[in-house]
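**Student:** Following this message is one structure expressed as structure tokens.
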Amino acid sequence: MTTVRERLQADAAPPDAEAAAALAAGRRRWLLLAPALVVLVLAASGPLLVVLAYSFLTPGTFGGVRWELSAEGWFRVFFARDIFDPETVRLNHAHASIFWRSVSLAFQTTVICALLGFPTAWFIANRPERTRAVWLFVITIPFWTNLLIRTFAIQEVIRNEGLVNSVLMALGLIQAPIQMLYTDFAILVGMAYVFLPLMVLPLYAAMDRLDPRLLEAAYDLYASRVRVLWHVVLPLVKPGLIAGSILVFIPSIGAYVTPRVLGGGRNLMLANLIELQFGQGRNWPLGAALAVTLLVIVLFALFVYLRFASKDEDPRRA
Amino acid sequence: MAADGTADVETRARRDGAAAGGTAEIEIVGLTKVFGRGSEAARALDEVNLTVRRGEFFTLLGPSGCGKTTLLRMIAGFEQPTRGAIRIDGRDVAGLGPNRRPVNTVFQSYALFPHMTAAENIGFGLRMLGRPRREVEAKVAEMLRLVRMEPMANRRPAAISGGQQQRVALARALAPRPRVLLLDEPLSALDLKLRKEMQGELKRLQAETGITFVFVTHDQEEALTMSDRIAVMDRGRILQVGSPRAIYDRPADRFVADFIGDTNFLEAVVVRSVGDAATVRLPSGAVRAASVPEGLAPVAGGRVTVVVRPEHAALAEDGELVGVVEEAVYFGTDTHLHVRLDTGGRFTLRRQNMAGDHAPEPGAAVTIRIAESGLRVLRP
């Protein structure tokens, strides 16, 4: 009898113990999450909130902000005031063209990186296991050198007296140098060069996972090489292509150094415009508003892209 | 180039059935494949000659690394021969890619396209051949019915079981009506029960479609139960080609005898040899008739190895072999008796269990009688 009662008591005890254990587990989980949360809140959200707040303040005379609420920063993102008559308002065409150039150049960079990165990643994924690591290493070597130095190196290659023009002229193919430096083309070349590895690596990861027997099966079922690529390889490496495109597009649209060095002063992109507002322009709220706008454009592009990309379901989904 | 999709299954089966027996579907002449070069070169296939007849279920049987998969991949067009020729339906296929050969493969891992439904997988080959959509749809429906997968038509490979994936892979390879279907150990990933089921299914599909099947396996039982003919391979060579019965009852050499089924080897001396029959003297002194592989003419007085299958011998009052039971292993329907022979060596005997009787216990002295035509001389 006693043993039965003891057992009943023992059975009755757990709920409290369980609740306590659950509580302790919960507390421990928050404790373990704390470092990540601190980083997220302080390092990511915090500065963003500061930028957002600044965009609604009034510019200080020598830079900085005065703590007076104002929508003027946001207004100036889209509209320009006449110098002589501030009441005369028109759309800010300069800003619009910079926005357009940024989106367009970032998009073109992404396409170029995809076109160059796909065969590159394919090449690496089809090397023997031993040499693959070497090729991947080669791809990442440019990251070891400062971005600014690499960009100046491109300048050396494409300027009027640079490598490309001298070779072409020496060969007699052209009489006068082709103006490449300080054009959108120069920016495009620079960005494609800098961001290409960001496309190659995720594409490689996707191709590495690709079962070569699937390609054989398609080839066996009367698909030509091109159709194997189109009907089997592309759909299956799409996640890698999407990841690579996102990784290239986002830094491209916000690129600062490349358009500054290769585009000269004339071909601004968004980041240069923002920098101007915080520097010479001494209009921090406008700069902040532009920065937030850039963020919104990126988020919107991401949203559209992911929607578009997931129209066909994920191949790995059951 | 691929088989005509309009011919209906039955007509084709009849037509090919009538042709079976003679017409060659695949002819392989002097086929050699060397992988790598220099000191690292490995000879995967060595002067292989083979003819597969139209409409037959042909099996390549051998241990892993014997070259059977290489041979299959060369018929499919995934590997190019180092030397030799392959003719499919009388046409030399040298230099033709897999997409230009009237041959489809069922892969060991199925290799279904994960981003397509079962129906899309099955229709892939026909779509690549540029068949009109209506025809593709009709054919896919027919194939789904043939492999009994209609309810799963719109599922992706990840959402169906291994056995079902197997059926889809079969349907996908059969849909374009190839002249030859190549199957690379397609059942090895399935559990025993499912494997038995799929063995029957494969035979049924082959009979219904009349397509020539070339089946690769290392499972001798699978080969024996399913094939019209078997080629036993080892180290890049074909050792023997024949019906399952011929391979089992009349193995050509020690490897074939050992690889297929349980076998007893006895040393013997040739007494007389005429054509494919010989008389041999067993170690016990008994003189018995034995069959001889084609082309092998044993010299009288020469030493040879003879084989006896465990079920071709029985305990008897009077017999050729005398020994002591070392071990008796109970298998339900029968008992395997491992006997140490008085003349040296061991002999395994399969004894059917009858109601109420008892197999000899270990230690018991027994006499073994070898059945008529149970002896076979091997190639040295």
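Taken together, the values in this text are just the output of simple stated rules run on the coordinates, not laboratory data. Here the structure is a predicted model, which means the values were calculated and not measured. Glycine also receives a Cβ, built like all others from the backbone with ideal geometry; neighbour counts cover every protein chain displayed.
**Student:** As a test of understanding, state the convex hull volume per residue of segment A:217-318 from its alpha carbons, in Å³.
**Tutor:** Hull volume over Cα atoms, normalised by residue count, gives 125 Å³.
**Student:** How big is the equivalent ellipsoid of segment A:95-317 along its three axes, where each semi-axis is √(5λ) from the Cα gyration tensor, reported in whole Å from largest to smallest?
**Tutor:** Ellipsoid semi-axes (Å, largest first): 35, 25, 15.
**Student:** B:Lys33: which lysines have alpha carbons under 22 Å from its alpha carbon, excluding same-chain residues fewer than 8 sequence positions away?
**Tutor:** Straight-distance partners of B:Lys33: B:Lys68.
**Student:** Hey, got a sec? Which GluC sites (Glu not before Pro) in segment A:129-213 land in a DSSP loop and have at most 12 other Cβ atoms within 10 Å?
**Tutor:** Answer in residue order: A:Glu161.
**Student:** Looking at segment B:27-158, what % of the alpha carbon pairs are farther apart than 26 Å?
**Tutor:** 39 percent
**Student:** By the gyration tensor of its Cα atoms, with a ≥ b ≥ c the square roots of the eigenvalues, what is the shape of segment A:34-183: rounded for a/c under 1.5, prolate for a/b over b/c, or oblate?
**Tutor:** Taking the square roots of the gyration eigenvalues as a ≥ b ≥ c, segment A:34-183 is oblate.
**Student:** May I pose another question? In segment A:43-126, which chymotrypsin sites (Phe, Trp or Tyr not before Pro) fall in coil by DSSP and have 15 or fewer other Cβ atoms within 10 Å?
**Tutor:** Sparse-neighbourhood loop chymotrypsin sites (Phe, Trp or Tyr not before Pro): A:Phe62, A:Trp67, A:Phe84.
**Student:** Ratio of segment B:260-380's C-alpha Rg to 2.2 N^0.38 Å, to two decimals?
**Tutor:** 1.10
**Student:** Give the lysines reachable from B:Lys139 as a straight Cα distance under 22 Å; neighbours fewer than 8 places away on the same chain don't count.
**Tutor:** B:Lys203
**Student:** Convex hull over the Cα atoms of segment A:15-89, averaged projected area in nm²?
**Tutor:** Result: a mean projected hull area of 8.9 nm².
**Student:** Moving on. What number does segment B:190-339 give for Rg over Rh if you use C-alpha atoms and the Kirkwood radius?
**Tutor:** Answer for segment B:190-339: 1.03.
**Student:** Just how far, in whole angstrom, is segment A:43-65 from segment B:131-195 if you go by their alpha carbon centroids?
**Tutor:** 63 Å
**Student:** Expressed as a rounded percentage, what relative contact order does segment A:95-317 have, with Cα pairs under 8 Å and six or more residues apart?
**Tutor:** 27 percent
**Student:** Still on this structure, please answer the following. Work out the mean other chain Cβ neighbour count within 10 Å for the residues of B:95-102 and drop it here as an integer.
**Tutor:** Per residue, the number of nearby Cβ atoms from other chains is 4 on average.
**Student:** May I ask you to work out the translational diffusion coefficient for chain B at 37 °C, viscosity 0.692 mPa s, via Stokes-Einstein with Rh from the Kirkwood sum over Cα pairs, reported in whole µm²/s?
**Tutor:** For these conditions, the coefficient is 141 µm²/s.
**Student:** Report the GluC sites (Glu not before Pro) located in segment B:191-244 that are in a DSSP loop and have at most 10 other Cβ atoms inside 10 Å of their Cβ, or state none.
**Tutor:** Passing both the DSSP loop test and the Cβ count: no residue.
**Student:** Share of antiparallel DSSP beta bridges in chain B, in percent to the nearest 5?
**Tutor:** If we restrict to bridges inside chain B, about 75 percent are antiparallel.
**Student:** According to the square roots a ≥ b ≥ c of the eigenvalues of the Cα gyration tensor, what is the shape class of segment A:156-235, taking rounded for a/c under 1.5, prolate for a/b larger than b/c otherwise, and oblate for the remainder?
**Tutor:** Cα axes put segment A:156-235 in the prolate bin.
**Student:** Take the alpha-carbon centre of segment A:184-240, take the same for segment B:272-323, and report the distance between them in whole Å.
**Tutor:** Spelled out, the Cα-based centre of one part sits 65 Å from the other.
**Student:** Within the protein assembly as shown, what percent of beta bridges assigned by DSSP are antiparallel, to the nearest 5?
**Tutor:** Counting DSSP beta bridges with both partners in the protein assembly as shown, the antiparallel share is about 75 percent.
**Student:** Could you give the angle, 0 to 90 degrees to the nearest 10, between helix B:133-146's Cα long axis and the longest principal axis of the Cα atoms of chain B?
**Tutor:** That works out to roughly 30 degrees.
**Student:** Now for a separate question. If you average the sequence gap of Cα pairs under 8 Å that are 6 or more apart and divide by the length of segment A:15-89, what percent do you get for the contact order?
**Tutor:** It rounds to 15 percent for segment A:15-89.
**Student:** How long are the semi-axes of the equivalent ellipsoid of segment B:107-247, defined as square roots of 5 times the Cα gyration tensor eigenvalues? Whole Å, largest first.
**Tutor:** Listed largest to smallest, the semi-axes of segment B:107-247 are 28, 16, 13 Å.
**Student:** Assign unit charges at the C-beta atoms only (+1 for Lys and Arg, -1 for Asp and Glu), then state the dipole size of chain B relative to its Cα centre in Debye, rounded to the nearest 20.
**Tutor:** For this selection, approximately 1480 debye.
**Student:** Filter chain A for me: DSSP H helices, axial length by Cα at least 20 angstrom, mean Kyte-Doolittle hydropathy not below 1.0. List them by residue number.
**Tutor:** A:93-125, A:184-209, A:234-253, A:284-309
**Student:** Here's a follow-up. For chain B, which longest stretch is free of loop sites, where a loop site is one of the trypsin sites (Lys or Arg not before Pro) that DSSP puts outside H, G, I, E and B and that has at most 12 other Cβ atoms within 10 Å?
**Tutor:** By the stated rule (loop sites, at most 12 other Cβ atoms within 10 Å), B:149-380.
**Student:** Return A:Ile187, A:Ile154 ranked ascending by Cβ neighbour count within 10 Å, so the fewest neighbours appear first.
**Tutor:** A:Ile154, A:Ile187
**Student:** For chain B, what does the relative contact order come out to in percent, with C-alpha contacts under 8 Å and a separation of six or more?
**Tutor:** It comes to 15 percent, rounded to a whole number.
**Student:** Next question. Against the longest principal axis of chain B, how steep is helix B:162-174, in degrees 0 to 90 to the nearest 10, with axes from Cα atoms?
**Tutor:** 70 degrees
**Student:** In square nanometres, what is the average projected area of the Cα convex hull of the protein assembly as shown?
**Tutor:** Here the figure is 56.1 nm², rounded to one decimal.
**Student:** Compute the helix-to-body angle for B:9-19: its Cα long axis versus the longest principal axis of chain B, expressed 0 to 90° and rounded to tens.
**Tutor:** Relative to chain B, helix B:9-19 is tipped by roughly 50 degrees.
**Student:** Would you compute, from DSSP H runs of 4+ residues alone, the mean residue ellipticity of the protein assembly as shown at 222 nm, taking -39500 (n - 2.57) per run and dividing by the full residue count, rounded to the nearest 500?
**Tutor:** Mean residue ellipticity at 222 nm (helix-derived): -14000 deg cm²/dmol.
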